[in-house]
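Before any comments, here is the structure.
The values are calculated or read from the model by the stated rules, or taken from the named source; none is laboratory data. Computed from a predicted structure; not experimentally measured. Here the Cβ is made from the backbone with ideal geometry for all residues, glycine too, and neighbour counts use every protein chain on show. These accessible areas exclude ligands, DNA and RNA; they are computed on the full protein's heavy atoms, side chains included. Shrake-Rupley method; radii C 1.70, N 1.55, O 1.52, S 1.80 Å.
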Amino acid sequence: MSEPKSSTASHQNYRRSLGTISLTAVGLGSIIGSGWLFGAERAAKLAGPASILAWVIGAAVALTIALTYSELGSMFPKAGGMVRYGQYSHGSLAGYLAAWANWIAIVSVIPGEATASVQYMSSWHFGWAQGLYDGKELTLSGVALASVLLLVYFALNWFAITLFAKTNTAITVFKVVVPTVTAGALLFAHFDSSHFTDHGGFAPNGWSSVFTAVAVSGIVWAFNGFQSPLNLAGEAKNPGKSLPKAVIGSILIALVIYVALQIAFLGAIPGGDLANGWSNLSYTSPLADLAIAWGLNWLAITLYADAFISPSGTGMIYAATTSRMIHGVQENGHLPKIFGKVDAKTGIPRPALVLNLVVAFMFLAVFRGWGSLAEIVSVATVISYITGPVAVMALRRLAPELPRPVRLRAMPVIAPIAMIFGSLVLYWARWPLTGKVILLMAAGLPIWAWYELRKPFAVLKPHLKAGAWMVAYLFVMAGVSWAGSADFGGHDYLPEGWDLLIVAAIGLAFYYWGVASAWANPSLAAVREEMLEAESAEAAEPSRV
């Protein structure tokens, strides 16, 4: 198969109609999905009152990593941006692994949002509704209803990006208002400050549980929404200005909302529900259950309605962004050409939408509970994060002449810190979950092999050499997780405290290896040519007037 070629024509079919407000709504709408409906309870079960800090840590990690991707997104304003950067800096192997991890992390969110809506519905006082969820996962009827929601998400994306933008902005306003009102109503209805000191203290399960909460309780799941504006970069009006504002703004706004919700949840729990400690909290529809407990029936009804609107809005966004990601993977050379087709009339990559719908159904069939999906998504997300810090600095070395509308002077410091943060969150996810998801990453390699191993070894060799750091990183992190302290599910070969230092050192070592191994591969040459052509066309435009 030939190397990737410039793809200017396919991108001309996209409509650059999304401004800063629309892109911020996309980011915020992705972050405030099902995570706000379940995240507060799951974080509290793991970390107790210290779950407040888990949200702050999660936002700090997301913001640091997002800064690296903001430079890349403004530099390469192309559809499905997140799956492209590793390909530009390191070639096919590292690029494919990063794209696979990112796609798995995002496409599995779509059935997760549908699952969240149906799980909340199961608290309705109707026999048929209560039969949708058995306390652990969706029943057959629950899966059927979630499947209908998947079809709705994809149908809304089938017609036009302008319809998507208008619908999503309206939904996002609702999604911001309802969580804010919920936090205020619960704080006003009941707030027991003793919950922050009793029942084991502020961090009843130790500080390791706070870090684990960041990784698996839905916090990473939520903040991962920052990348949605980047994946729609091909439709941004002024990507250099709008992308970083949308990415950073959506994270900070969401952090305020999530911390308020967490504080309200912790204070509103009836004392009797904490008789057996934080770890034994058990709510089917956490915030709605608390609203009912304190007589806020109007709030419960609102939450039941929002359990459709918030997850559905996020599911709709991710249906859009994953289709752009599939387009990007195809242009990287790792999917059939049909998945790169964009409808000239609507600007929608419809074959990619169909593929993602099929995969979403597969995830729904296997993972029928929000919690199990949240864990898979979170770890896959962290694996996909490690490309950004490495790629941004590698491309500064390889292509210093390319325009960078967003260029932070502190990036040489931010990038290695982002790599350390990503490595720590991956470790915090606990063994054996880390091993399972890393194995899932390896499961995608046969697709890469199908397209790449037919090439002459002389052509393939530099791709293998440049991607070796990422393959080694996954194996090393799996080994460290297995051998790590018992606090993080390991076999306790690494003492507590030292394990975190070792993981940080490993992250730093692989960061420098990754940056050093980048090379001027054909994908970078193609996109460089494309950018120069676009710049020349823009410069010639005034002469035509």
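Only DSSP H runs of four or more residues enter the estimate; each adds -39500 (n - 2.57), and after division by the residues of the chain the mean residue ellipticity at 222 nm equals -23000 deg cm²/dmol. According to the calculation over all Cα-Cα pairs in the stretch 429-545, the P(r) per 10 Å bin from zero is 11, 27, 26, 18, 11, 5, 2, 0 %.
The heavy atoms of residue 241 present about 130 square angstrom of accessible area, all protein chains included, probe 1.4 Å. Near the amide H of residue 133, within less than 5 Å, lie the amide hydrogens of 139, all on another chain or at least 5 residues away, with H placed in the peptide plane. Per-atom-type breakdown for the chain gives carbon and sulfur 69% of the accessible area (1.4 Å probe, protein chains only). In order along the stretch 367-381, the phi-based Karplus estimate (6.51 cos²θ - 1.76 cosθ + 1.60, θ = phi - 60°) of 3J(HN,Hα) comes to 10, 9, x, 4, x, 5, 5, 4, 5, 4, 4, 4, 6, 4, 4 Hz; Gly and Pro are listed as x.
Annotation: peptides 254-262, 436-444, ranked by per-residue average of other Cβ atoms within 10 Å with the highest first, follow the order 254-262, 436-444.
For the stretch 324-481, the Cα-based Rg and Dmax, in that order, read 18.1, 51 Å.
Provide, for q = 0.13, 0.26 Å⁻¹, the log10 of I(q)/I(0) from a solvent-free Debye sum over equal Cα point scatterers in the stretch 86-156. So the normalised log intensities work out to -0.51, -1.05. In terms of the Cα gyration tensor, with a ≥ b ≥ c the square roots of its eigenvalues, is the stretch 42-101 rounded because a/c is under 1.5, prolate because a/b exceeds b/c, or oblate? Here the stretch 42-101 falls in the prolate category.
Which of 414, 187, 47 sits closest to the plus end of the dipole of the chain, meaning its Cα is farthest towards the positive end, when Lys and Arg get +1 and Asp and Glu get -1 on the C-beta? Value: 414. All Cα-Cα separations within the stretch 298-346 were binned at 10 Å from zero, giving a P(r) of 23, 31, 22, 15, 9, 0, each value a whole percent of the pairs.
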